[in-house]
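Below: one structure, written as structure tokens.
The values are calculated or read from the model by the stated rules, or taken from the named source; none is laboratory data. Treat the numbers as computed from the prediction; the structure is a model and nothing was measured. Ideal geometry is used to build each Cβ from the backbone, glycine not excepted, and the neighbour counts take in all protein chains shown.
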Amino acid sequence: MAALLALPNELIMWIYAKCPTVQDAASLSAANKQLHSIWLDKADHIAGAILRPQVPAYEAAVELAILEEVWIDGNTQLSSTTGRPSIQLYFKRLLHIADCASNAATWWNAEMDKAGEGNWLAGQASTSAHTSYCFLRKILLGCESSDPRLHEVIDLAICAASEEEIRIHEELSNFLMSDIAYYETCIQDAIKVENMRMGRNKASEDEIDVRMDTCIVMEQWKYIQKVLQR
């Protein structure tokens, strides 16, 4: 430990950045006061250095995490900050978004592999799915809020997107919608079988809930399509 503390701060920062996870870096910071002081001063830089190689479309995921903290949770610490706020304020949401984007990209890439090289999306999916997922999720924020400031952010993002990017967003939206619809249909079928087994003549609360969820998803999908086609 004494040899580690004798190193200049730049090398200690490099060691921090080589930690497998941000949680590991935080644990290292608890070793002594000097390491903790460096962590407090450079936590955002260290976290970014660790997460960038691990989170595809890192900047898009960070932007979305901040927007959701502000517009979903009403995080006043973020909304009142000039410049990029501390990652500690949106870290958990960033990891959740990254996980969801990776799942969506995995499903889509598998579908593109089935489609073969003849499908124009086959060469796009691996690099674009994560960014597109964050873009679609950003649009959905507008479905939940009528605040003109949020809609201005969404409008600017759409205006800045190329025709090819919009096309990819539309394709991913359609794919996710069809995948969710199929999944919910399977759930409805399973519930109907259970209702028949239990001798129920009316729809159960579970079946009604699934139908409501399906309606919500359909409305969200329609909203995304409407916004993308402006």
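Numerical summary
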{"read-out": "Complete set of residues in segment 14-36 that are farther than 23 Å from ALA98 by Cβ and either at pLDDT 90 or above or of a type in the set (A, V, I, L, M, F, W, C) (or both)", "value": "TRP14, ILE15, ALA30, ALA31, LEU35"}
{"read-out": "Subset of segment 103-136 that is polar (S, T, N, Q) and in contact with a helix residue (DSSP H, G or I) (Cβ under 7 Å, 6 or more places away or on another chain) - its residue that is modelled with the lowest pLDDT", "value": "SER126"}
{"read-out": "Of the criteria (1) in a helix (DSSP H, G or I); (2) loosely packed, with under 13 Cβ neighbours inside 10 Å; (3) of a type in the set (D, E, K, R), which one LYS42 fails", "value": "(2)"}
{"read-out": "Hits in segment 156-177 (condition: under 13 Å from PHE135 (Cα atoms) and touching a residue at least 24 places away in the same chain (Cβ under 8 Å))", "value": "ILE158, ALA161, GLU165, ILE166, ILE168, HIS169, GLU170, GLU171, LEU172, SER173"}
